[in-house]
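Peer 1: Take this structure first; my questions come after.
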């Protein structure tokens, strides 16, 4: 290392202890290091060290030369390494300011939501200034830039897991016993591990109210009436039955909960069977000024919820206990015994708080999943909907739309005698991803293996959004695979012209998927960290910000559970599936569409901001077997917005191609 480099490191080590301004820096041309206050704050953490030192290190690498070869820590997802000239191009020189913003925003996005949005915008500006050819993409960046991306990935790997700030996840994680959050249709939106066993329901499934004793079920029904606007019961105490013996197992609180961005309420059911420790008593004494006698009464009431039993155990009259309870209600501010019990439960649960992360193993909400292990070691998870012995059809989910459909969809399928066979695509749920294969071939090979295992030939194939792409690829390879295809939702391979109209976030990520998937994976990991901290709604609000109809779906508890379920199915194995699915939007299947010899119906949304009937008519002109059907009043999440309309068309086509 040269003396100049040593001197620069020494100077950098001083500035690493200086607090940066929180606002994004607006640099004048030619200004590389600005925006620090001279407030000495002492030794920073590892994360802040990286964030505060980012400009200095970038400047150091930019002008003092690299110390080691670039080794960016991205997963090897179909990215080709290209040699980079020693001197940067003129375009790269002119976009150095944007590069600095990208580096700065990348590190700040670890902890700052606004920085993540700024990062996407910075990448959009950078991509707009570059050549579209992916083969020369890396030539527009200095070695120093990739050093910083390498450091960012390494820092991200070192950071501790975020505590949940997703309100639904927090509701089930802040108690040690069984807990579940359900929508108004009783579909599970969130559940902890203990709740899955106690209530017999996983995320996406429907909760059976037979899990409650008949007596307390009446109280819960009153709560449901309040939810629908026909009552004033805001909470209830219910007795949950043991699923094996049908004997009372534990008491639980039930109450309504509304998140800040939802239009309706969820229903929360959480166990009250918690250990009353000395810390709980101390907390009540400190927080509410309760006396020892009052704490004992509170403890005994918490255990049995019966004033007569409390009086008997204490050897006093029921009147005396009622008087003490009134004092306790007054001190705590609780308005009812049910609310008081809930308060005690919250205090007790805080003593055993265990932060839970995202689900580590997918559980099929339908409870029907089976696993196929092929001779090559490929793992294919699959489930089904509709009539158990009905006419089979293949159903592949898309990125935004999952396979769990509104309840009326399955009712229609059963009446029509149709069975949707639903294999999870590679990397989704419990299906294995094979990164050594190009993404399209991985998806096609998985689909082909499933069809062979199930002995299917000549059935109908249905794909939501990009789920149609593997179906087209398989049909092109073997024209006898399907008798007809159905596409639901926008897909770039059916309308390339629409890419230019995509909102900035989606367009930016898709462009990175084509030019620099390793960099996209870093952004995806930062996004996953935000989801872990702020919940799935953080992602959904950004993904559907430009489509009000989709935001309505995400904010309605009756349908939000379906969208959350789709997200969990996507990210359960990490971010790589997301990156590869973004790459698959660019898959070369245009020839497969031109050569298609079977009918395909493409149902497209009219309110997604991309719809142009003339463009879709051009698609029909390319191949007379392609028919485009606009779906009114729908956007990206059209399967949830126009379920009946779409299912009726699917049923018509499958019924018309029964073997």
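Each value in this text was obtained by applying a stated rule to the coordinates, not by laboratory testing. Just so it is clear, the structure is predicted and the values come from calculations on it, not from any experiment. Here Cβ is always computed from backbone atoms with ideal geometry, including for glycine, and neighbour counts include all displayed protein chains.
Peer 1: At a 10 Å Cβ-Cβ cut-off, how would you order 277, 216, fewest neighbours first?
Peer 2: So the ranking, lowest neighbour count to highest, is 277, 216.
Peer 1: Which order do 342, 444, 322, 514 fall in if you start with the one that has the fewest other Cβ atoms within 10 Å?
Peer 2: 322, 514, 342, 444
Peer 1: Going by how many other beta carbons lie within 10 Å of each one, how would you line up 120, 372, fewest first? Don't skip to the answer; put the middle values down first.
Peer 2: On the way: 120 20, 372 17.
Final ranking by Cβ density, sparse to dense: 372, 120.
Peer 1: Going 7 Å from the Cα of residue 261 along its beta-carbon direction, which residues of the stretch 503-541 have the amide nitrogen within less than 17 Å of the resulting point?
Peer 2: Within reach of a label on residue 261, which here means backbone N under 17 Å from a point 7 Å along Cα→Cβ, the stretch 503-541 contributes 504-506, 526-541.
Peer 1: Next question. Quick one: Cα centre-to-centre distance for the stretch 203-236 and the stretch 486-556, in angstrom?
Peer 2: Using only Cα atoms, the two centres lie 36 Å from each other.
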